[in-house]
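The values are calculated or read from the model by the stated rules, or taken from the named source; none is laboratory data. What you see is a predicted model, and the numbers here were worked out from it, not measured in a lab. Here Cβ is always computed from backbone atoms with ideal geometry, including for glycine, and neighbour counts include all displayed protein chains. For accessibility, only protein heavy atoms count, side chains too; no ligands or nucleic acids. Shrake-Rupley method; radii C 1.70, N 1.55, O 1.52, S 1.80 Å.
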Amino acid sequence: MGLSLTVNGDRLASAADPTTPLVDILREELHLTGAKPVCREGFCGACMVLIDGKPTPSCLMPAALADGCEIHTVEGLTTHGQLNRIQSALEASDAVQCGMCFPGMVVSLTHLLTTRPDATREDIRAALTGNICRCTGYERIVDATLLALATK
Amino acid sequence: MITGFPVQAAPAETRNATSSVYIAPTLEAALDALSEYGAAGSAFAGGTWIMRSPIRHEPLRAHYVAIGKIAELGAVRIGSDVVEIGSAVTHATLAAALADLPEFGVLAAAAARSANPAIRAMATIGGNLATLDFAAADCVPALLCLDAEIEVAGRDGRERMKLEHFLEIRPTLAPGRLVTQIVVPRSERKTAHVRLPLRKAGDYPVAIVSLSASVDAAGRVRAARIAVGSVEPVARRWERLEAALIGRRLDAEGAARTATELANEFVGRDGVDAPAWYRVSVLPGLVRRAAAAALGA
Ligand SMILES: Cc1cc2nc3c(=O)[nH]c(=O)nc-3n(C[C@H](O)[C@H](O)[C@H](O)COP(=O)(O)OP(=O)(O)OC[C@H]3O[C@@H](n4cnc5c(N)ncnc54)[C@H](O)[C@@H]3O)c2cc1C
Ligand code: FES
Ligand code: FES
């Protein structure tokens, strides 16, 4: 039986095995390579996507359970090529280096911005405990998030 | 420079696996399916352990029965005598449901501090209890110190047992049987859950101490339950320490001194994160922190 996935607003069919991790379908069938399978263990957050609005490591999400859900990858967070608030703030704050962790960071922070408009520096740090960056350290990322929160 | 951050190809085992996933709409349907699949099937709750099977070089099962949509398993019911927790309740939901009940502080902390936020929104309490070979499960010691009972159901009916007994029979739990709920008695008590990960967040804890104590008006311990997780392969109570605290005033330094005298009864497990001796050696410090946190609660 085929799967029907709604990714970034498009309905797509997949013939993948039901336990295939969603990240593999996104990258290999749909060529959405923003989500990165780095640890495949739920530790690093580089594969984070929004599933029904919630940040979810797509390496741990079997395709069968994503069937029927609204999936948003980092590619789907821009509107008509316009960066969203957190993307713009990260860019403005020079908070990006190699970019490996960034798709996942953007996904987690997009969720934080929509659910916690009053988030403090501590809340931002707590929200990012599942997103590991090996390059930058987190200070600029946290600063950028505070900037995005202040930008209405 | 980027170090050690390669994009991982899916392990071969994942690619070749062909498994079925049945999303059960009701408990009855789940039990029927599990009983039909027998040893070839198993429950799929949050999937945070199952989906990592290939990394542990364990084959996936041929059939999974997803239980996350069964309403009865997804509820927390707070009664006057007991709290009943459906087995598919996630760590995040549990932490939020218990946030205003200080007597359950130990369990709320276990649920709120494990893993990371995205995992806490997926991983379930039933999966935490049922996972074999997961020594660092946070909810197990927390529930041991709360004297929890576990309800297990099969097509032939339901039975209730102490968590201690469940942990004994867990390795031989017959296929087709599901943890359906966890029942925790209510009482006035001071509780705390203290875990030691190597980093502040995200890592498995090297050792866990969960503590629950009821004290009299003079501050003396009337009853105590202390459980240790992650040190040995399966969490267990520290009964000699519990007994030693009875009748004494609960004080953090005194409890830590007694824990130092009694710690040699633990045989630690070696792991990639920490050696056996280290897990045991941190116990008195964790007992000190647990007693201090319980007194502050
Ligand atoms: C990166 C990472 C870090 C983590 N760190 C921690 C931590 O520090 N502390 C912690 O406590 N947890 C941690 N976890 C979560 C841990 O994986 C889960 O708590 C739990 O062990 C699995 O729960 P699950 O619902 O995901 O179960 P699943 O993966 O769905 O299932 C695990 C096993 O339990 C069985 N099972 C599930 N539900 C039932 C049921 N109701 N009845 C019978 N059998 C059942 C399944 O058949 C399977 O064998 C972490 C997870 C990840 C990915
Ligand atoms: S690849 Fe999914 S969390 Fe690391
Ligand atoms: S920017 Fe390189 S891992 Fe985060």
- Query: Taking segment B:203-238 only, how many residues are under 19 Å from residue B:138 (Cα atoms) and open to solvent by 40 Å² or more (accessible area, probe 1.4 Å)?
  - Reply: 6
- Could you grab me the full set of residues in segment B:97-111 that are open to solvent by 20 Å² or more (accessible area, probe 1.4 Å) and in contact with a strand residue (DSSP E or B) (Cβ under 9 Å, 6 or more places away or on another chain)? B:97, B:101, B:102, B:103, B:105
- Would you mind stating whether residue A:125 is over 24 Å from residue A:20 (Cβ atoms), away from ligand 2 (no atom under 16 Å from the Cβ), in a helix (DSSP H, G or I) and touching a residue at least 40 places away in the same chain (Cβ under 8 Å)? no
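Being modelled with pLDDT of 95 or more, open to solvent by less than 40 Å² (accessible area, probe 1.4 Å) and assigned to a loop (DSSP other than H, G, I, E, B) narrows it down to one of A:50, A:60, so name that one. Break it down stepwise before answering.
Numbers: A:50 fails: assigned to a loop (DSSP other than H, G, I, E, B).
So the residue among A:50, A:60 that is modelled with pLDDT of 95 or more, open to solvent by less than 40 Å² (accessible area, probe 1.4 Å) and assigned to a loop (DSSP other than H, G, I, E, B) is A:60.
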- How many residues are crowded, with 23+ Cβ neighbours inside 10 Å and more than 7 Å from every other protein chain (Cβ to nearest Cβ) when one looks only at segment A:64-74? 4
- Can you name the residue in segment A:97-120 that is within 12 Å of residue A:142 (Cα to Cα) and part of a loop (DSSP other than H, G, I, E, B) and, of all such residues, is farthest from ligand 2 (Cβ to nearest atom)? A:120
- Output for segment A:31-56, where each listed residue is in contact (Cβ under 8 Å) with a residue 40 or more places away in the chain, under 11 Å from the mean Cα position of the chain (by Cα) and away from ligand 3 (no atom under 16 Å from the Cβ): A:49, A:50, A:53, A:54, A:55
- On the given criteria, is residue B:10 surrounded by 17 or more Cβ atoms within 10 Å (Cβ to Cβ) and modelled with pLDDT under 95? yes
- Query: Can you name the condition, by its number, that residue A:26 falls short on among (1) more than 22 Å from residue A:148 (Cα to Cα); (2) open to solvent by 30 Å² or more (accessible area, probe 1.4 Å); (3) within 16 Å of ligand 2 (Cβ to nearest atom)?
  - Reply: (2)
- Query: Just for helices (runs of 4 or more DSSP H) wholly inside segment B:226-284: which have at least 3 residues that are of a type outside the set (S, T, N, Q), within 21 Å of residue B:215 (Cα to Cα) and over 20 Å from the mean Cα position of the chain (by Cα)?
  - Reply: B:239-245, B:252-262
- Task: Can you give me the ranges of the strands (runs of 3 or more DSSP E) entirely in segment B:37-125 with at least 2 residues that are modelled with pLDDT of 95 or more, away from chain A (no Cβ under 14 Å) and more than 19 Å from residue B:150 (Cβ to Cβ)?
- Result: none
- Message: For the structure I just gave you, tell me whether residue A:50 is within 12 Å of chain B (Cβ to nearest Cβ), hydrophobic (A, V, I, L, M, F, W, C) and within 17 Å of residue A:101 (Cβ to Cβ).
- Response: yes
- Item | Residues of segment A:80-102 satisfying the condition of being in contact with a helix residue (DSSP H, G or I) (Cβ under 7 Å, 6 or more places away or on another chain) and open to solvent by less than 20 Å² (accessible area, probe 1.4 Å) | A:86, A:89, A:90, A:95
- Candidate set: segment B:141-173, residues that are open to solvent by less than 10 Å² (accessible area, probe 1.4 Å) and in contact (Cβ under 8 Å) with a residue 40 or more places away in the chain; chosen: the one farthest from residue B:194 (Cα to Cα): B:154
- Item | Exclusive hit being touching a residue at least 12 places away in the same chain (Cβ under 8 Å) and closer than 25 Å to residue B:102 by Cβ, set B:240, B:289, B:269 | B:289
- Item | Number of the condition not met by residue B:188 [criteria: (1) in a loop (DSSP other than H, G, I, E, B); (2) within 30 Å of residue A:41 (Cβ to Cβ); (3) of a type outside the set (Gly, Ala, Ser); (4) open to solvent by 10 Å² or more (accessible area, probe 1.4 Å)] | (2)
- Pairs with Cβ under 8 Å, 6+ apart, first in segment A:129-140 and touching a residue at least 12 places away in the same chain (Cβ under 8 Å), second assigned to a helix (DSSP H, G or I) and hydrophobic (A, V, I, L, M, F, W, C): A:130/B:118; A:130/B:119; A:131/A:105; A:133/A:105; A:133/A:141
- May I ask you to list the residues in segment A:80-97 that are over 13 Å from residue A:146 (Cα atoms) and without any contact (Cβ under 8 Å) to a residue 40 or more places away in the chain? A:80, A:81, A:82, A:83, A:84, A:91, A:97
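Do we have any residue at all in segment B:119-130 that's more than 10 Å from ligand 1 (Cβ to nearest atom) and more than 20 Å from residue B:74 (Cβ to Cβ)? Can you show your working first?
Let us first name the residues in segment B:119-130 that are more than 10 Å from ligand 1 (Cβ to nearest atom), namely B:121.
Those still in the list that are more than 20 Å from residue B:74 (Cβ to Cβ) too: none.
Within segment B:119-130 (the criterion being more than 10 Å from ligand 1 (Cβ to nearest atom) and more than 20 Å from residue B:74 (Cβ to Cβ)), the answer is no, since none of the residues qualifies.
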